[in-house]
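The values are calculated or read from the model by the stated rules, or taken from the named source; none is laboratory data. All values reported here derive from a predicted model rather than from experimental measurement. Here the Cβ positions follow ideal geometry from the backbone for every residue, glycine too, while neighbour counts run over all protein chains shown. We work out accessible area using only protein heavy atoms, side chains counted, and drop any ligands, DNA or RNA first. Shrake-Rupley method; radii C 1.70, N 1.55, O 1.52, S 1.80 Å.
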Amino acid sequence: MSGKIIDSFLTLAAPAEHEIKIKGSRFIAKGFSIESELDCQNILEKIRKEEYSATHHCYAYTIGIDDAKFKYSDDGEPSGTAGRPIFQTITGHELKNVIIIVIRYYGGTKLGTGGLIRAYSGAASEMLDQARIVERLICDRLKFSIAFKYYDQLMRIIDAEKFKIINQNFADEVTMELKIRKSKTSDFESRLIELTGGQVKIEKNG
């Protein structure tokens, strides 16, 4: 028995930033939506240049619906006091494809292990509480050709389901490319095969 198809996730709609101050230290949390590890590298490089005089640039990120790629860094803070708490804040808010960097400017007073964990997780959490979160859909792109006699019926299905037509071409047949939410792909393929009596070839790209 197959499980439910996961075809949406929550992420940041736009970059977000929030700062807290604890015993003289400044903790600036910056969050970004990402698609790849290259995005992470580019963002980290940019922030390190912008905040070059900061004491630490601690971060965490997760990429993929199943958190297939993730990483966190304490960047010189005591092990487990910065990167992991930031990562747990991301997962606690059920976000995907996100990087959070918390920049610290040391204020002269040591906070201790517990204080650091609270500071880094607190800065990240407060930033996310104020950020705009959006749901992103995971879609398939289907390309197929059908006889003209099925076109009107096909369009009724497309209109009812609100599928997005990426491209269509009218030649000997109607060739069409659609963007479809992944959880609806299988049902649409079955309806297309039923509509045409199996006289259709479907190409699918994620």
Legend entry - Every residue from the range 7-51 that is surrounded by fewer than 17 Cβ atoms within 10 Å (Cβ to Cβ), under 13 Å from the mean Cα position of the chain (by Cα), among the polar types (S, T, N, Q) and not in a loop (DSSP other than H, G, I, E, B): Ser8
Inset, instruction - Check whether at least one residue in the range 105-113 is open to solvent by 10 Å² or more (accessible area, probe 1.4 Å), at pLDDT 95 or above and assigned to a strand (DSSP E or B), and report yes or no. - result: yes
Legend entry - Residues that are open to solvent by less than 60 Å² (accessible area, probe 1.4 Å), more than 22 Å from the chain's Cα centre (by Cα) and polar (S, T, N, Q), drawn from the range 163-206: Thr175, Thr196
Legend entry - Residues that are open to solvent by 80 Å² or more (accessible area, probe 1.4 Å) and either touching a residue at least 24 places away in the same chain (Cβ under 8 Å) or acidic (Asp, Glu) (or both), drawn from the range 54-70: Asp66, Lys69
Inset, instruction - Select from the range 52-70 the residues that are assigned to a strand (DSSP E or B), farther than 12 Å from Tyr105 by Cβ and not hydrophobic (A, V, I, L, M, F, W, C) and list them in ascending order. - result: Tyr59, Tyr61, Thr62, Lys69
Inset, instruction - Starting from the range 133-158, keep only residues that are surrounded by 13 or more Cβ atoms within 10 Å (Cβ to Cβ) and assigned to a strand (DSSP E or B), then list their pairs with residues that are among the β-branched types (Val, Ile, Thr) and at pLDDT 95 or above whose Cβ atoms are within a distance under 6 Å, requiring at least 6 positions of separation or different chains. - result: Arg136/Thr11
Legend entry - Failed item, numbered, when Gly76 is tested on (1) under 30 Å from Lys182 (Cβ atoms); (2) open to solvent by 60 Å² or more (accessible area, probe 1.4 Å); (3) not hydrophobic (A, V, I, L, M, F, W, C): (1)
